Amino acid sequence: MSSHAFDQAIALELQGDGSFAGHTSAAYANMVGPFGGISAAQMVNAVLLHPDRLGDPVSLTINFAAALEAGPFVVQARAARTNRSTQHWIIEVLQKGETVLTGTAFTALRRETWGVDDDAMPLCPPPQDTPHGKSPMPMEWVKQYDMRPIAGAMPLVWDGSGDTSLTQLWVRDNPPRPLDFASLTALSDVFFPRIFVRRATLVPVGTVTMTVYYHADSAQLQASGTSYLLAQARAQAFRNGYFDHTAQLWNEAGVLLATTHQVVYYKN
């Protein structure tokens with residue numbers, strides 16, 4: 001097993017009944033339970049490791065029914081339907097016999113076609129010219145990433161002065177690690193809650209559901225190596241206790257690797 005904290009966190013062991021045994025990681029602890037990105041990475045890893053898998057991930061959706069407690073858990077992943085070049089997966093995470101996360105995934109054998117990135121990477125200073133950020137949030141998972149904010153960093157003063165939910169930052173694993181589908185999944189969740197940025201006010205929050213769309217194939221991830229990704233997120237609406245956000249992640253070459261969407265609960 002790799003000594004990198006990320007590989008240790010997503011490590012799963014195949015059981016005799018076809019399920020996978022895993023364990024939460026203190027290195028990726030959040031305010032309550034684990035960092036959502038690491039939970040998503042563990043779920044997609046169950047599909048990646050499954051002996052019946054066909055193709056690579058195209059999409060992943062996970063629903064946070066409850067926060068994982070520190071300790072062991074079980075991941076059940078099964079192919080609900082397999083076609084000639086596509087597969088539909090159902091995933092469930094259980095702890096102490098109760099469901100805590102549910103999800104679906106879609107995998108496929110990709111083929112060469114015409115393609116273009118209609119959502120071009122915004123013009124930003126390069127990562128080497130962007131200083132490291134200083135986060136006021138003390139969660140352990142933040143230490144596992146090299147984050148270099150360009151715009152919309154976490155407020156240092158909670159004074160209600162926010163006026164936009166846009167965040168742009170360069171980010172990669174800390175220490176650097178070659179990009180793959182599991183790490184791209186976790187990186188898709190590195191954004192702090194949009195309501196913190198928009199309002200500069202701390203309120204209780206919790207992600208309810210998260211979807212990742214993988215536009216990159218394995219070769220594009222391999223070509224990205226250990227370089228930084230430009231990550232951008234913006235909310236669309238805050239209303240009646242829930243808000244959403246949509247985000248994009250490009251590699252340094254300007255290739256759009258993934259887009260992601262979330263719905264988050266907040267208490268006012």
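Numerical summary
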item	result
Residue in segment 236-260 that is farthest from Pro122 (Cα to Cα), counting only those that are open to solvent by 70 Å² or more (accessible area, probe 1.4 Å) and not aliphatic (A, V, I, L, M)	Asn240
Any strands (runs of 3 or more DSSP E) falling wholly within segment 1-104 and containing at least 3 residues that are in contact with a strand residue (DSSP E or B) (Cβ under 6 Å, 6 or more places away or on another chain) and either aromatic (Phe, Trp, Tyr) or open to solvent by less than 30 Å² (accessible area, probe 1.4 Å) (or both)	56-64, 72-82, 86-95
Filter result for Ala253 (over 20 Å from Val58 (Cα atoms) and free of Cβ contacts under 8 Å to residues at least 40 places away in the same chain)	yes
Filter result (under 22 Å from Gly133 (Cβ atoms), within 12 Å of the chain's Cα centre (by Cα) and open to solvent by 10 Å² or more (accessible area, probe 1.4 Å)) within segment 181-216	Asp189, Phe191, Phe192, Thr207
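To keep it simple, each residue is scored yes or no on (1) in contact with a strand residue (DSSP E or B) (Cβ under 7 Å, 6 or more places away or on another chain); (2) at pLDDT 95 or above; (3) at positive phi; (4) not in a loop (DSSP other than H, G, I, E, B).
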residue	(1), (2), (3), (4)
Pro149	yes, yes, no, yes
Met154	no, no, no, no
Val157	no, no, no, no
Gly160	no, no, yes, no
Ser165	yes, yes, no, no
Val171	yes, yes, no, yes
Arg177	no, yes, no, no
Ala182	no, yes, no, yes
Val190	yes, yes, no, no
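The values are calculated or read from the model by the stated rules, or taken from the named source; none is laboratory data. Note that the structure is predicted; figures quoted are calculated from it, not measured. Glycine gets a Cβ as well: all are built from the backbone with ideal geometry, and neighbour counts include every protein chain shown. Just so you know, the surface numbers come from the protein's heavy atoms only, side chains and all, with ligands and any DNA or RNA stripped out. Shrake-Rupley method; radii C 1.70, N 1.55, O 1.52, S 1.80 Å.
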